[in-house]
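Everything below concerns the one structure shown next.
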Amino acid sequence: MGKTSIMKIMERASGHPVKVGDRVWCKIDWATCRDFGGANVVLQFEKEMGKDAKVWDPDKLAFTFDLQAPAHSEKVAANQKIIREFCKRQGVTRLFDINHGIGQHVMLEAGMIKPGDVVLGTDSHMNLLGAVGAFATGVGNSDIAASYIAGINWFRVPETMKIEVTGKFKKGVCMRDLLTKIIGDLGAGGMDFLAVEFVGETIDNATLAERLTLCSMVTEMSGKVPLIMPNGDVLKWLVERAGPEVETLAKELKADPDAEYCRVLHYNVNDLEPMASCPDAPDNVKPVSEIAGTHVDQVHIGSCSNGRYEDIKAAHDVLMAGGGKVSPTVRTIITPATTEVQLRCVEEGMAADFLKAGIVFTNPTCSLCTAEHYGAMPSGDVGCSTTNRNFIGKVGKGSHTYLMSPMTAMATAVKGVIADPREILK
Amino acid sequence: MGEILKGRAWVFSDDVDTDLIYHNKYLAETDPKNMPQYAFEYYPGKENFAKEVKPGDFVVAGKNFGCGSSREHAVYCLEYAGVPCVLAETCSRIYYRNAINNGYPVLFVKGLSDAIKAGKIKDGDQLEVELSTGTIKDATNGETFHGDAVSNLENDIMKAGGLMNYMKAKVAAEK
């Protein structure tokens, strides 16, 4: 019987053969923290191990300030300071301060992530790095602090689900719509504890941005890790950033043709239409056509699921096709994932178009994934967002959010009510 | 016979996400002792949980408890409120891991989701929970439920009092 990608990765990281259900100790390639969670890790590590204790390898640690950057309160500022001082004491050089953007994206751009890497992070969407074949997973502060002791941690070898995707998206429809469809079909617990391999011609031809979007929502189905082994342009991009060994790793860690899967699903995207997650759960899914015309107070485009250049460009195309102005009744906010993305938006003139359209174009952060950030919504308001969660009151008590693609979000901003982007792009 | 814990039930639905347990608004908090005051503040109908919960009370939920964020605050806020364990039909992967890593028990209880929906276990019911066997008795209405035991490694981590202690001992033993 052949092996799935996650089994190959865990064998490599644990140094011995594994089977599904085993608990194995794996070496950690990266132990990362954000501004939230990071201070908890530092305080816990030093409380348990002593102020003078050294981490196992400072070159395997990273800190990314992305949730509340720049700090919006004294408490957050103090937490960030705890981390800066810890890095100084420990000799950690990979501290990505408030001027970088969303952690996973920043690490990816910096060439830190390779297929097969075992990455722990205090962000439940850490696993979107499966988009380049890494085994990345979101954990709490105890897991990170304990990893600092010896650079290892325990994992259960998960079963793997395979999702094969074929077909081509029609104009106005994109990868975000596919994953919204999948989460509607499978539900919030539909991938519980599973690894998920995405394969098929649509995936083989997908851009890095599309792969990141697809992988970002596996957490919302309680999946452990999504995996796509890099090929084509994505492989080329990753080799340029992370080094030539990426090529061998991608080949070696690809699932065997006779690997065993607990479930296999097929999706064809030829006839897919724009989809949305309705309040107040990601798996409360409807086609956009059914909710078109719904009142909206705010639109947000960005986050780890849809804050890449390609996402912002797609939204820009809709904006310009729709006359270059957003409705004055809708507060519209665009947040690039990283400084690299932001700079490209500025250099290509898109940022200026956004400002002229009446849009707030912000610095790179996770922004509206939390109520404690600019763009928080008051009770009773309805928002549309490209983030990955719309739990009740997530960005403000009593507010409700629809999740959708950047194109649908921009169509909504232009029209002032929930709108199908195909009506603007035709 | 293992120890039997007795306390009142606080009953929740399926898919209770981490923002409902401990909202993102309070993520900057770093001291676990300060976290119980925010527990379930955003859960409709349970806004009074933090004020009214008594040490020994149980959190009872359906499927996929703790879905969403990796924040360990969502474990601490119950642990430090004196809730001895979470009883849920299933629990999200990250929440389960965070609980184990703190030596905090989560019992997976078959049929609990349907029992909650059918009103067979309600807020305020008196529960008797035997962690060693996973047996849960609802003394108010006589219903009995059975939870799964945790695996060996998770059990060892729990017995060590959490992952930090376990890891310290493991590293010392291998030196």
Where only C-alpha atoms are counted, convex hull volume of region B:1-160 per residue in Å³: 102 Å³
Global form of region B:38-88, assessed from the alpha-carbon gyration tensor, a/c cut-off 1.5: rounded
Top of A:LYS60, A:LYS224, A:LYS170 by mean-square fluctuation, Gaussian network on chain A, Cα under 10 Å: A:LYS170
Averaged over A:150-156, number of beta-carbon atoms from partner chains that fall within 10 Å: 4
Reciprocal mean inverse distance between Cα atoms of region A:76-130 - Kirkwood radius, Å: 12.6 Å
Spin-label model distance (nm) - A:VAL264 vs A:VAL382, 7 Å beyond Cα toward Cβ: 4.3 nm
Region A:319-426: C-alpha gyration tensor shape, a/c 1.5 cut-off, then a/b vs b/c: oblate
Gained length - A:LYS325 relative to A:GLU273, 0.36 nm times residue gap less alpha-carbon distance: 16.3 nm
Estimated [θ] at 222 nm from DSSP helical runs (n ≥ 4, -39500 (n - 2.57)) normalised by residues in the protein assembly as shown, nearest 500: -9500 deg cm²/dmol
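Count, for each residue of B:25-35, the Cβ atoms from other chains sitting within 10 Å of its Cβ, then give me the mean as a whole number.
That average works out to 6.
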Cβ neighbours within 10 Å from other chains - mean over A:119-129: 2
Within a Gaussian network of chain A (alpha carbon springs, distance under 10 Å), most fluctuating of A:CYS215, A:CYS262, A:CYS174: A:CYS262
GNM result for chain B, Cα springs below 10 Å: residue of B:PRO55, B:PRO84, B:PRO36 fluctuating most strongly: B:PRO55
Whether chain A is rounded, prolate or oblate, judged on the alpha carbon gyration tensor where a/c under 1.5 counts as rounded: oblate
Mean Cβ neighbour count within 10 Å, used as a protection proxy, ranking A:200-213, A:67-80 highest first: A:200-213, A:67-80
Pair B:GLU128, A:LYS170: separation of 7 Å Cα→Cβ label points (nm): 6.3 nm
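Relative to 2.2 N^0.38 Å, what does the C-alpha radius of gyration of region A:159-201 come to as a ratio? Two decimals please.
Numbers: Rg = 11.6 Å, N = 43, 2.2 N^0.38 = 9.2 Å.
Dividing the Cα radius of gyration by 2.2 N^0.38 Å gives 1.26.
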Radius ratio Rg over Rh of region A:255-308, counting only Cα atoms, Kirkwood formula for Rh: 1.11
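Just so you know, all these numbers are worked out from the coordinates, no wet-lab data involved. Bear in mind that the values here come from a model prediction, so they are computed numbers and not experimental data. Virtual Cβ from ideal backbone geometry, glycine too; neighbours counted across all protein chains shown.
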